[in-house]
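Derivation of every value follows stated rules applied to the coordinates shown; laboratory data play no part. Not measured: the values here are computed from a predicted model. Cβ coordinates were reconstructed from backbone atoms using ideal geometry, including for glycine residues, and neighbour counts include every protein chain displayed.
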Amino acid sequence: MSIPDHARANFQTLLRAAGSGDLALMECTDVATGEPRYVICAVGRTDGDYVFTPFGHLADGDPFKIYRPPEAPT
């Protein structure tokens, strides 16, 4: 499985934000379920205002139980 270009670009943006100290963890509400989500955001500034760009949320519970790594080619 190949990682798409847009995901690679977003990851690079996330790394730059982390390197410059421009990351935030925000409590947000999941639109579909109403449940709280803890969202990793890059922080920028536009016209003197802060802009938070969400990249993803932290996994609830044990992430080893909800994610499976890619299969090795046979």
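For the chain, state which chymotrypsin sites (Phe, Trp or Tyr not before Pro) are in a DSSP loop and have at most 12 other beta carbons lying within 10 Å of their beta carbon. Counting only loop positions with at most 12 other Cβ atoms within 10 Å, the chymotrypsin sites (Phe, Trp or Tyr not before Pro) in the chain are TYR67. In plain terms, the residue of ASP60, ASP5, ASP22 with the fewest other Cβ atoms within 10 Å comes first and the most crowded comes last, giving ASP5, ASP60, ASP22.
With N as its number of residues, the chain has a Cα radius of gyration that, divided by 2.2 N^0.38 Å, comes to 1.35.
Rounded to the nearest 10 degrees, the angle from helix 5-19 to the longest Cα principal axis of the chain is 50 degrees.
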